[in-house]
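Engineer: Could you have a look at this structure, given as structure tokens, before my questions?
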Amino acid sequence: MAVNTAKRRAKNQAIFLSQKKFEPTLDQLDFTTSLSRALTYYSVNTGAKEQKMFTIDFFTKKEPKIAKQLKKLPDYKFTTFGSLCRLMSNEQTDLKQLSNVSPFFTNKLKELLEDAKKIVEQVEVEKLPTNVISIQQRMEEKAHDLAAEIDGAIDEFTQTKKSDFSTKNYLLSNEVAAPIAKRIAEFYVGQLEEIREAIQGDDEQLIEGYSNFTKRELKKFAEFLEGIIADCSQQVQTAKANRAPRKRKAQPPSKVVAKMKYMKEFADLNLKSIKPETIVGSSEVWVYNTKYRKVTVYKAINDVLTVKGTTIIGFDVKESKTQMLRKPDVFFKGLTLGKRPLNGAMKPLTTTVTVPNGRVNEECILLGAF
């Protein structure tokens, strides 16, 4: 599926470059709506390489010095910005008209020029060879390379309103490292928030921008993006769990949890923490945050949880969850802190379920490890 998506996207780009007469025109009577549709058109039919080309071509004619600076930046920096440059090159709009709608163009240009300046300063100050890039840059580029297939699946969804793409299988097959999986997830958070706002219907500009979607289709789109982000988060945990056995010498549990900070006793509810050593090697751990009144259950991916610093790792983000207790005294009254009683007590809760992050601090009671 991922290969077919990439081929189709390449075909769209080839058609676009050979048939420029089909490029969108803006309706001056309904500028905002037609602009949103034009940006969608360029998003579907062009890639990062074309977006950069649009930008360089525009500034080569208007401001050659700016064009020279922007050439230093990687292709992915020009998404959406390149489409606006193309519309101005085709005399569909100008900077003044765009500024009346949104300050995006001006702010983005400022950001790009600052990024280009940093690249020059880094070379001058550090005197690094031109072929050497930092670990952070390598990770960023790797994340964008891997995200290209996911972008293709999203493009497919915008056209067909469905997709069989499995982000989980894709990340597993490529053995994506935890930091890179985390960065990929961050790429789609903003788009998900935008769609959620469109579903709420309070922003007229977003409603027009997604007018080709029904409300039901928008909800499915949001679920699709939520699945991508959740699968990336799961890959973070899976990669960490798979990395743990590579240690040459297993440390004793007491040393593994030596830096863990937790509350030993909470008199208000008559709660006492278990020894943190029991977390290491367990398959299920329960934690109660006394400050925020939140109870969390961590369930292992491969039946083994462990600790790194003050964080529980190796948990399944889809099976683990956090919920706030409206009445902690009622929840814990007469409750046996065993695996079945705790799971049973959590089922009736109606508060919002969130994904835990694994961190434990001085305000947390370790209820049990099983």
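Engineer: So, in segment 86-101, how many residues would count as being among the hydroxyl-bearing types (Ser, Thr, Tyr) and either exposed (fewer than 14 other Cβ atoms within 10 Å of the Cβ) or within 15 Å of residue 27 (Cα to Cα) (or both)?
Structural biologist: Residues flagged as among the hydroxyl-bearing types (Ser, Thr, Tyr) and either exposed (fewer than 14 other Cβ atoms within 10 Å of the Cβ) or within 15 Å of residue 27 (Cα to Cα) (or both) within segment 86-101 amount to 2.
Engineer: Residue by residue through segment 353-370, note down the ones that are open to solvent by less than 70 Å² (accessible area, probe 1.4 Å) and within 28 Å of the chain's Cα centre (by Cα).
Structural biologist: 354, 356, 358, 360, 361, 364
Engineer: Restricting to segment 304-327, what's the tally of residues that are β-branched (Val, Ile, Thr), surrounded by fewer than 17 Cβ atoms within 10 Å (Cβ to Cβ) and over 19 Å from residue 365 (Cβ atoms)?
Structural biologist: Adding up the residues that qualify gives 1.
Engineer: Next question. Could you list, in sequence order, the residues of segment 196-241 that are among the polar types (S, T, N, Q) and more than 18 Å from residue 357 (Cα to Cα)?
Structural biologist: 200, 205, 211, 212, 214
Engineer: I've got another one for you. (1) among the aliphatic types (A, V, I, L, M); (2) open to solvent by less than 70 Å² (accessible area, probe 1.4 Å); (3) not in a strand (DSSP E or B): which one isn't true of residue 330, the others all being true?
Structural biologist: If we test residue 330 against (1) among the aliphatic types (A, V, I, L, M); (2) open to solvent by less than 70 Å² (accessible area, probe 1.4 Å); (3) not in a strand (DSSP E or B), just (2) comes out false.
Engineer: Now a separate question. For a quick check of your reading: which strands (runs of 3 or more DSSP E) sit entirely within segment 259-309 and have at least 2 residues that are among the hydroxyl-bearing types (Ser, Thr, Tyr)?
Structural biologist: 294-299
Engineer: Here's a follow-up. Provide a single number: the residues in segment 347-370 that are not in a loop (DSSP other than H, G, I, E, B) and not polar (S, T, N, Q).
Structural biologist: Adding up the residues that qualify gives 7.
Engineer: What are the residues in segment 177-209 that are open to solvent by 30 Å² or more (accessible area, probe 1.4 Å) and either free of Cβ contacts under 8 Å to residues at least 24 places away in the same chain or hydroxyl-bearing (Ser, Thr, Tyr) (or both), if any?
Structural biologist: 186, 190, 193, 194, 197, 199, 200, 201, 202, 203, 204, 207
Engineer: Residues being under 10 Å from residue 235 (Cα atoms) and not in a helix (DSSP H, G or I): count how many of those fall in segment 158-184.
Structural biologist: Residues that pass the stated criteria total 3.
Engineer: Which residue out of 50, 149 is closer than 25 Å to residue 209 by Cα, surrounded by 14 or more Cβ atoms within 10 Å (Cβ to Cβ), of a type in the set (Asp, Glu) and touching a Gly at 6+ places or on another chain (Cβ under 9 Å)?
Structural biologist: When all the criteria are applied, what remains is 50.
Yes/no matrix, rows are residues, columns are (1) over 18 Å from residue 271 (Cα atoms); (2) of a type outside the set (Lys, Arg):
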position	(1), (2)
321	yes, no
330	no, yes
336	no, yes
345	no, yes
353	yes, yes
363	no, yes
370	no, yes
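Engineer: For the condition more than 27 Å from the chain's Cα centre (by Cα), within 21 Å of residue 22 (Cβ to Cβ), crowded, with 16+ Cβ neighbours inside 10 Å and at pLDDT below 90, what is the one hit in 43, 34?
Structural biologist: 34
Engineer: Just one of the numbered conditions (1) open to solvent by less than 70 Å² (accessible area, probe 1.4 Å); (2) within 19 Å of residue 142 (Cβ to Cβ); (3) out of contact with any Gly (no Cβ under 8 Å at 6 or more places or on another chain) is not true of residue 221; which one?
Structural biologist: All conditions pass for residue 221, except number (2).
Engineer: Those residues that are part of a strand (DSSP E or B) and either touching a helix residue (DSSP H, G or I) at 6+ places or on another chain (Cβ under 8 Å) or free of Cβ contacts under 8 Å to residues at least 24 places away in the same chain (or both), I need them from segment 310-320; list them, please.
Structural biologist: Across segment 310-320, the qualifying residues are 312, 313, 315.
Engineer: Let me ask something else about it. Going through segment 180-195 one residue at a time, which ones are modelled with pLDDT of 90 or more and either among the charged types (D, E, K, R) or more than 21 Å from the chain's Cα centre (by Cα) (or both)?
Structural biologist: 182, 183, 186, 193
Engineer: Still on this structure, I have one more. Going by the conditions given, is residue 300 aliphatic (A, V, I, L, M), under 27 Å from residue 194 (Cα atoms), in contact (Cβ under 8 Å) with a residue 12 or more places away in the chain and open to solvent by less than 90 Å² (accessible area, probe 1.4 Å)?
Structural biologist: So residue 300 fails the test.
Engineer: Restricting attention to segment 284-293, does a residue exist that is among the β-branched types (Val, Ile, Thr), within 27 Å of residue 340 (Cα to Cα) and open to solvent by 20 Å² or more (accessible area, probe 1.4 Å)?
Structural biologist: Looking for residues that are among the β-branched types (Val, Ile, Thr), within 27 Å of residue 340 (Cα to Cα) and open to solvent by 20 Å² or more (accessible area, probe 1.4 Å), one finds at least one in segment 284-293, hence yes.
The values are calculated or read from the model by the stated rules, or taken from the named source; none is laboratory data. Owing to the predicted nature of the structure, the values given are computational and were not obtained by experimental measurement. In this analysis, Cβ positions are derived from the backbone assuming ideal geometry, glycine residues included, and neighbour counts consider all displayed protein chains. Heads up: the accessible areas ignore ligands, DNA and RNA and are worked out on the full protein's heavy atoms, side chains in. Shrake-Rupley method; radii C 1.70, N 1.55, O 1.52, S 1.80 Å.
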